[in-house]
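*Asks:* Let me begin by handing over the structure; questions about it come next.
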Amino acid sequence: MVGLDPQRSPIQAQLEHLLTEGRRAGADLVEVFLERTDHIGVLVEQDRITSVSPSFSMGAGIRVFKGGRDGFVSTDDLGDVGLLKALDQALAMLGLERSALASSEGFEGLQPLRDFGAVKHDWLQRSPDLRTSTDRLLEGTALLERLGQHLEVRRGSYARDWQEVLVAASDGTFARDIRLHQSSGLSVLAADGDHRASIGRRYGSSDRPDDLREWDLEASAAEVCQSAATMLRADYVDGGQMPVVLANRFGGVIFHEACGHLLETTQVERGTTPFADKVGELIAHPAVTAIDEGLSAGAFGSLSMDDEGMEAQRTVLIENGVLQRFLSDRAGEMRTGHARTGSGRRQNHGFAAASRMRNTYIAAGPHKPEDLIASIDQGLYCKSMGGGSVGPTGQFNFSVEEGYLIENGKLGKPVKGATLIGEAKEVMPRISMCADDLDLAAGFCGSVSGSIFVTVGQPHVKVESITVGGR
């Protein structure tokens, strides 16, 4: 098989045969996900290229549904024998077999192809080649050297992921897409005596072949170096319960991790979300409206269709504090009753799709960022968030990469060592003010169906009270 374009290969007849066999064996629904990928990752440290990691793959994931249960098998063998063997294995997981001919209900054929990839056929060729990629990263680490002070480590990274997918299902679904994701970043470790500061910034886009070429490297390097210089000699914060202001862009990672995952139907199925029976009820402060969508042009989590062949949507999760709906995929709709939202996503053909977030953010509010800070006598301003962890029911802790004290309504001295600790159902009602400066940031999300490209975001938001861990 050269490609997944049904107009250039006999793949449609092959898929229709597979789906017919699955239905005759008694499956309620059979879904086939075909994929080709082309990845390259580059790492530059100091002024040397230290890693170049290309990879290619092709394969299929076959999922069979029967009576609310499902069986999933993946294979790298896309020949007739390989695909039928994978189908047999998926059927067997549900106690079905092709020789039984258990169902007389036929498969009525695939619908006309919805080809979102037709206008994207040259994206891989238009993406930066290895020489361009390495030159840009070397330019970035050179800028860090020129603009920074006390830098012991300078790094630049870049990854390009191209993916062609074809989805076919026995309900007639037949859709193809080509996707392009690029991520890049700069990071430093500054050190002076006993003082240390580790700062990084990451950027990402979808569907923009020229993104790396157009990256404003000098602005990014200046931001990283300024932040490192500020935090290098910052004092450690004193912990306690206090009001905080979270900056826009990557500040939204807390909502994504602590609350967004609880609004996926996979959590409803597992019984791990406290919001399962709260649709129509107030679960957040009335100042909070939260959205998940796959439509923002160029955003890391945008997509023309999900991995089940459904077009992307704009889904309002919370409106004025009231829970509106959950993110749902095919299995989630079948097992929880929540209608699909175009949110069935997976890392690759080795994973079954699951309900996952795309571009997820708290909507802009009426205030200016300085209004939020002015409303606090003593608190913490979190300009940049670091890593963290989240428990299965929304308990979280996230480090603050760059923070400042708020004193008498104004920003004070920088502080380090802060960690925000809380639980989604307790913190959401405490987000009392949202500014008018919504902005998004690229990220990666790991969950039941692997690591996927997402966007987090928010405007500046004020949390009335949260536990701040300190030294």
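*Asks:* Which strands (runs of 3 or more DSSP E) does the range 150-236 wholly contain that include 2 or more residues that are modelled with pLDDT of 95 or more, in contact with a Ser or Thr (Cβ under 6 Å, 6 or more places away or on another chain) and of a type in the set (D, E, K, R)? Show your work before the answer.
*Replies:* Numbers: elements: 151-169, 174-192, 195-206.
Qualifying strands (runs of 3 or more DSSP E): 151-169.
*Asks:* For residues that are within 30 Å of GLN182 (Cα to Cα), in contact (Cβ under 8 Å) with a residue 60 or more places away in the chain, open to solvent by 10 Å² or more (accessible area, probe 1.4 Å) and of a type in the set (A, V, I, L, M, F, W, C), tally how many sit in the range 1-41.
*Replies:* Count: 2.
*Asks:* Which of the residues spanning the range 74-90 are over 24 Å from THR336 (Cβ atoms) and outside any loop (DSSP other than H, G, I, E, B)? If you could, list the steps in order and put the result at the bottom.
*Replies:* Of the residues in the range 74-90, the ones over 24 Å from THR336 (Cβ atoms) are 74-89.
If the condition is that a residue be over 24 Å from THR336 (Cβ atoms) and outside any loop (DSSP other than H, G, I, E, B), then SER74, THR75, ASP80, VAL81, GLY82, LEU83, LEU84, LYS85, ALA86, LEU87, ASP88, GLN89 are the ones that fit.
*Asks:* Can I ask one more? Here's a check for you: in the range 113-123, which residue that is in a loop (DSSP other than H, G, I, E, B) and over 16 Å from MET310 (Cβ atoms) is least open to solvent (accessible area, probe 1.4 Å)?
*Replies:* Within the range 113-123, the match that is least open to solvent (accessible area, probe 1.4 Å) is ASP122.
*Asks:* Would you check which residues across the range 130-142 are open to solvent by 20 Å² or more (accessible area, probe 1.4 Å) and touching a residue at least 40 places away in the same chain (Cβ under 8 Å) and list them?
*Replies:* Filtering the range 130-142 down to residues open to solvent by 20 Å² or more (accessible area, probe 1.4 Å) leaves 130-132, 135-136, 138-139, 142.
Hits for the range 130-142 are LEU130, THR132, ARG136, LEU138, GLU139, ALA142.
*Asks:* Pick out, from the range 399-461, the strands (runs of 3 or more DSSP E) lying fully within it that include 2 or more residues that are in contact with a His (Cβ under 9 Å, 6 or more places away or on another chain).
*Replies:* On the way: elements: 410-416, 419-423, 431-434, 439-447, 450-458.
Hits in the range 399-461: 431-434, 439-447, 450-458.
*Asks:* So, one more: Mind listing whichever residues of the range 316-330 are more than 25 Å from LEU4 (Cα to Cα) and open to solvent by less than 20 Å² (accessible area, probe 1.4 Å)? Before you say what the answer is, go through the steps one by one.
*Replies:* So the first thing to find is which residues in the range 316-330 are more than 25 Å from LEU4 (Cα to Cα), and the list is 316-328.
Selection gives LEU317, ILE318, GLY321, LEU323, PHE326, LEU327, SER328.
*Asks:* Just to be sure, is GLY239 surrounded by fewer than 22 Cβ atoms within 10 Å (Cβ to Cβ), closer than 16 Å to LEU143 by Cα and touching a Gly at 6+ places or on another chain (Cβ under 7 Å)? Steps first, please.
*Replies:* Values: surrounded by fewer than 22 Cβ atoms within 10 Å (Cβ to Cβ): yes; closer than 16 Å to LEU143 by Cα: no; touching a Gly at 6+ places or on another chain (Cβ under 7 Å): yes.
When the stated conditions are applied, GLY239 does not pass them.
*Asks:* Please enumerate the residues belonging to the range 351-371 that are open to solvent by less than 40 Å² (accessible area, probe 1.4 Å), over 25 Å from ALA287 (Cβ atoms) and part of a loop (DSSP other than H, G, I, E, B).
*Replies:* Here is the first cut: in the range 351-371, the residues open to solvent by less than 40 Å² (accessible area, probe 1.4 Å) are 352-363, 365, 369.
Filter once more, keeping what is over 25 Å from ALA287 (Cβ atoms): 352-356.
Result: ALA352, ALA353, ARG356.
The values are calculated or read from the model by the stated rules, or taken from the named source; none is laboratory data. Predicted model, so just to flag it, every value in this text is computed and none were measured. A quick note on method: Cβ atoms are made from the backbone with ideal geometry, for glycine too, and the neighbour counts reach across all protein chains shown. Just the protein is used for accessible areas: all its heavy atoms, side chains included, with ligands, DNA and RNA removed. Shrake-Rupley method; radii C 1.70, N 1.55, O 1.52, S 1.80 Å.
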